[in-house]
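Chemist: One structure, pasted below without further comment.
The values are calculated or read from the model by the stated rules, or taken from the named source; none is laboratory data. As the structure is a computational prediction, the values presented were derived from the model and not from experiment. Cβ placement follows ideal geometry from the backbone for every residue including glycine, while neighbour counts extend to all protein chains displayed.
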Amino acid sequence: MVNLKIDKIDVSVPEGTTVMEAAASVGIKIPSLCYLKNINEIAACRICLVELKGKDKLITSCNNVVQEGMEIYTNSPKVRSARRTNVQLILSQHDSRCTTCLRSGNCALQSIANDLGLMDNPFPDDWVDEGWPRKYPLVRTSQKCIRCMRCVQVCDKIQGMNIWDVANTGSRTTIGVTGQRKLENSDCTLCGQCITHCPVAALHAREDWQGILDKMADPDVITLVQVAPAVRTAWAESLGFSREEATPGRMAAALRRLGFDYVFDTIFSADLTIMEEGSEFLSRFDSLKEDGMPMFTSCCPGWIRFVKTQYPQLVPYLSSAKSPQQMFGAVSKTYFAKVLGVDPSRLFCVSIMPCVAKKHEADIPTINAAEKGKDVDCVLTTRELARMIRADRIVVGALQEEPFDQPLGLGTGAGEIFGVTGGVMEAALRSAYYLITGKNPEPDSFREIRGQEPWRESELNMGGTRVRVAAVSGLGNTRKLIEKILRGEKHYDFVEVMACPGGCVGGGGQPIHDGEELASVRGEALYRLDKKNPLRFSHENPCVQQLYKEYLGEPLSEKAHELLHTDHNS
Ligand code: HC1
Ligand code: SF4
């Protein structure tokens, strides 16, 4: 152990601990804008400076390790003055029109400037707007960039994509797209991890919610909303409510208050996805074996974008099933329009997703089954939902729980766990077991595939058939796994891939908590919902059964193919 004093408090920590971590161990939080543990420890922002007794120069606490006998001061007059100057220098190059900024109230720079009592921006404010609306779902506002390098490092070290890089030098240093490409022309997967790790609003998702207010006010338009599994774990995080208070029933009530005519649930179509994808897996099992390749899940558009640019030879091994978001849209614009007895063009289908890539997915021209218009008309992130709730001054704590509407609002626990890494696989195995053996397994018998390790694998005996499965999340991990498969070092029959670390619960459209990773706690919340759900198997969803009986026939039928499958060719 190393012994030192921080702000006169005796501290004892293991060798190799940074000064910042040592301070945190005794409750002293040293501010920083760029630090991300193990990802970005480059002291670019110089806000975490501390004074080391006996030294003239201040040192950065995020990348200097403790030494025996050190005496550190985190708030000495010298530190305060240097920290203030450094924040002012950052502000000198930052568009500080905070009242109209997307991250106002959730911006690390804003809160540090406030904490330091910087009530005035000492530098002239003549920033020019880059103009709204934007077409691409991921937006970079260069005037807000503070060059902390987090986006560069997250995209490189976690996602292995290298989309962002440093451009120019000196005072013109900025972040640009590698190869001097436009973002739209790069291989960006739209996972949005750069957004959730940006401390300010230099990176953000396109906001689309204003566009649906008119639709909700129009008496000729029938608005439907579907909510993704992962959204229920996080929708009220930024509204000050705990996960226990922010139940799915209260979320349904909030959506009705906002003005949606029908409040539905993506877990309904997650169950439908299992019926289609599970049946497809069984029908392709022998030919996949001959190729020595697995079938890959297809519900994550970040992963689909990744595979198309990085491993196009694997596209034929993707499941042809559309994602639950798109299946929902297709079913609502056909079957549900019929149930209501209205022309589908009167329906306006909105999704609330934890995801930025879903905004792109809904815009893929060949994804639509509706005769006119799109299956999913507008995709909002979890952050946009919270913003709408705030804008309408809805008090979450005062809402009574309300049920989702039927028939597209009923889902099973298997559909709920889609939002956490391994969940799609677990849900598929529950139903595949039933399809192979004719009986249900113990609902939790495939829990081996749960967990936060980069990837998990399992070999299962399904009524005498050996099935080898894996689930991976994060695109850096995915690349490693795929390389092993291609080199013949790993053999699987079925592989689930989710682009975001931890799955959709850690999605790029989820609420932002500077430097804090909440994917695993949100994932646990989904497992609790699954356990509480009286239905644990997708094939037992009565509304999905009714849909097949009344409209689709059976899984993989011609109608099902027309509405629920795609060749991923655009
Ligand atoms: Fe997901 Fe999915 S789990 S992809 O992350 O298959 O976004 O939550 O809605 O479509 O169900 C997202 C989540 C979501 C789809 C489902
Ligand atoms: Fe979107 Fe989920 Fe895929 Fe992330 S893991 S890109 S949130 S679908």
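Chemist: Return the pair list, or none, for Cβ contacts closer than 7 Å from residues in region 483-508 that are closer than 24 Å to Ser520 by Cβ and at pLDDT 95 or above to residues that are charged (D, E, K, R) and within 16 Å of ligand 1 (Cβ to nearest atom), at least 6 apart or on different chains.
Modeler: Going by the 7 Å Cβ cut-off, the qualifying pairs are Val505/Arg522.
Chemist: Select from region 514-538 the residues that are charged (D, E, K, R) and within 16 Å of ligand 2 (Cβ to nearest atom) and write down the one among them that is farthest from Met295 (Cα to Cα). Before you say what the answer is, go through the steps one by one.
Modeler: Initially, region 514-538 is screened for residues charged (D, E, K, R), giving 514, 516-517, 522, 524, 528, 530-532, 536.
Cutting the leftovers down to within 16 Å of ligand 2 (Cβ to nearest atom) gives us 517, 522.
Numbers: Glu517: 30, Arg522: 27 Å.
Only one residue fits best here, namely Glu517.
Chemist: Let me ask something additional. Sort through Val231, Val200, Val225 and tell me the only one that's out of contact with any strand residue (DSSP E or B) (no Cβ under 7 Å at 6 or more places or on another chain), touching a residue at least 40 places away in the same chain (Cβ under 8 Å) and either away from ligand 2 (no atom under 14 Å from the Cβ) or assigned to a helix (DSSP H, G or I) (or both). Explain how you work it out, then say what you get.
Modeler: Working: Val231 fails: out of contact with any strand residue (DSSP E or B) (no Cβ under 7 Å at 6 or more places or on another chain); Val225 fails: out of contact with any strand residue (DSSP E or B) (no Cβ under 7 Å at 6 or more places or on another chain).
Testing whether each residue is out of contact with any strand residue (DSSP E or B) (no Cβ under 7 Å at 6 or more places or on another chain), touching a residue at least 40 places away in the same chain (Cβ under 8 Å) and either away from ligand 2 (no atom under 14 Å from the Cβ) or assigned to a helix (DSSP H, G or I) (or both) leaves just Val200.
A quick yes/no check of all residues on (1) outside the structural domain of Glu276 (by TED's automatic domain parsing); (2) in contact with an Asp or Glu (Cβ under 9 Å, 6 or more places away or on another chain); (3) under 23 Å from Thr266 (Cα atoms):
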position	(1), (2), (3)
Gly397	no, yes, no
Leu408	no, yes, yes
Gly411	no, yes, yes
Val420	no, yes, yes
Lys439	no, no, no
Pro443	no, yes, yes
Glu453	no, no, no
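Chemist: Hey, another quick one. Are any residues in region 463-513 under 20 Å from Asn162 (Cα atoms), away from ligand 2 (no atom under 16 Å from the Cβ) and small (Gly, Ala, Ser), and if so, which ones?
Modeler: Those that are under 20 Å from Asn162 (Cα atoms), away from ligand 2 (no atom under 16 Å from the Cβ) and small (Gly, Ala, Ser): none in region 463-513.
Chemist: With the requirement that a residue be farther than 28 Å from Lys333 by Cβ, crowded, with 18+ Cβ neighbours inside 10 Å and not hydrophobic (A, V, I, L, M, F, W, C), what does region 384-404 give you?
Modeler: none
Chemist: Let me spell it out: the conditions are (1) within 18 Å of the chain's Cα centre (by Cα); (2) part of a helix (DSSP H, G or I), and Leu481 meets all of them except one. Which number is the exception?
Modeler: (1)
Chemist: Can you pull out every residue in region 163-197 that is assigned to a loop (DSSP other than H, G, I, E, B) and surrounded by 15 or more Cβ atoms within 10 Å (Cβ to Cβ)? Before you say what the answer is, go through the steps one by one.
Modeler: Taking region 163-197 and keeping what is assigned to a loop (DSSP other than H, G, I, E, B), we get 163, 168-169, 173, 181-182, 186-192.
Listed by number, the residues that qualify are Ile163, Ser186, Asp187, Cys188, Thr189, Leu190, Cys191, Gly192.
Chemist: Just to check your reading of the model, which residue among Ser332, Ser269, Ser319 is of a type in the set (Ser, Thr, Tyr), near ligand 1 (Cβ under 10 Å from one of its atoms) and surrounded by 21 or more Cβ atoms within 10 Å (Cβ to Cβ)?
Modeler: Details: Ser332 fails: near ligand 1 (Cβ under 10 Å from one of its atoms); Ser319 fails: near ligand 1 (Cβ under 10 Å from one of its atoms).
Selected residue: Ser269, the only one of Ser332, Ser269, Ser319 that is of a type in the set (Ser, Thr, Tyr), near ligand 1 (Cβ under 10 Å from one of its atoms) and surrounded by 21 or more Cβ atoms within 10 Å (Cβ to Cβ).
Chemist: Test Thr381 against the stated conditions and say whether it is among the polar types (S, T, N, Q), within 18 Å of His568 (Cβ to Cβ) and either within 16 Å of ligand 1 (Cβ to nearest atom) or surrounded by fewer than 20 Cβ atoms within 10 Å (Cβ to Cβ) (or both). First the steps, then the outcome.
Modeler: Numbers: among the polar types (S, T, N, Q): yes; within 18 Å of His568 (Cβ to Cβ): no; either within 16 Å of ligand 1 (Cβ to nearest atom) or surrounded by fewer than 20 Cβ atoms within 10 Å (Cβ to Cβ) (or both): yes.
Taking the combined requirement at face value, the residue does not satisfy it.
Chemist: Any idea which of Leu91, Leu109, Leu102 is in a loop (DSSP other than H, G, I, E, B), in contact with a helix residue (DSSP H, G or I) (Cβ under 9 Å, 6 or more places away or on another chain) and in contact (Cβ under 8 Å) with a residue 24 or more places away in the chain? I'd like the intermediate steps shown before the answer.
Modeler: On the way: Leu91 fails: in a loop (DSSP other than H, G, I, E, B); Leu109 fails: in a loop (DSSP other than H, G, I, E, B).
Answer to the selection: Leu102.
Chemist: Here are some conditions: (1) in contact (Cβ under 8 Å) with a residue 60 or more places away in the chain; (2) out of contact with any strand residue (DSSP E or B) (no Cβ under 7 Å at 6 or more places or on another chain); (3) within 14 Å of ligand 1 (Cβ to nearest atom). Ala369 meets all but one. Which one does it not meet?
Modeler: All conditions are met except number (3).
Quick grid of which residues meet (1) over 18 Å from Ala386 (Cβ atoms); (2) in contact with a helix residue (DSSP H, G or I) (Cβ under 6 Å, 6 or more places away or on another chain); (3) in a loop (DSSP other than H, G, I, E, B):
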{"residue": "Ile485", "(1), (2), (3)": "yes, no, no"}
{"residue": "Gly488", "(1), (2), (3)": "yes, no, yes"}
{"residue": "Glu496", "(1), (2), (3)": "yes, yes, no"}
{"residue": "Glu517", "(1), (2), (3)": "yes, no, yes"}
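Yes/no matrix, rows are residues, columns are (1) in a strand (DSSP E or B); (2) more than 19 Å from Asn114 (Cα to Cα); (3) not assigned by TED's automatic domain parsing to the domain that holds Thr174:
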{"residue": "Ser12", "(1), (2), (3)": "yes, yes, yes"}
{"residue": "Glu21", "(1), (2), (3)": "no, yes, yes"}
{"residue": "Ala24", "(1), (2), (3)": "no, yes, yes"}
{"residue": "Lys57", "(1), (2), (3)": "no, yes, yes"}
{"residue": "Asn63", "(1), (2), (3)": "no, yes, yes"}
{"residue": "Arg84", "(1), (2), (3)": "no, no, yes"}
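Chemist: Restricted to region 203-222, and to residues that are aliphatic (A, V, I, L, M) and either more than 16 Å from the chain's Cα centre (by Cα) or in a loop (DSSP other than H, G, I, E, B) (or both), which residue is surrounded by the most Cβ atoms within 10 Å (Cβ to Cβ)? It would help to see each step written out before you state the result.
Modeler: Of region 203-222, the ones aliphatic (A, V, I, L, M) are 203, 205, 212-213, 216-217, 221-222.
Among the residues that remain, those that are also either more than 16 Å from the chain's Cα centre (by Cα) or in a loop (DSSP other than H, G, I, E, B) (or both) are: 212-213, 216-217, 221-222.
Details: Ile212: 22, Leu213: 14, Met216: 15, Ala217: 10, Val221: 16, Ile222: 20.
For region 203-222, the residue satisfying everything is Ile212.
Chemist: Among (1) over 30 Å from Glu244 (Cβ atoms); (2) surrounded by 21 or more Cβ atoms within 10 Å (Cβ to Cβ), where does Gly553 come up short?
Modeler: So Gly553 meets the others, but not (2).
Chemist: Ala525 - would you say it is assigned by TED's automatic domain parsing to the domain that holds Lys439, of a type in the set (A, V, I, L, M) and more than 13 Å from ligand 1 (Cβ to nearest atom)? Show your work before the answer.
Modeler: Working: assigned by TED's automatic domain parsing to the domain that holds Lys439: yes; of a type in the set (A, V, I, L, M): yes; more than 13 Å from ligand 1 (Cβ to nearest atom): no.
Considered against the rule, which asks whether it is assigned by TED's automatic domain parsing to the domain that holds Lys439, of a type in the set (A, V, I, L, M) and more than 13 Å from ligand 1 (Cβ to nearest atom), Ala525 comes out as no.
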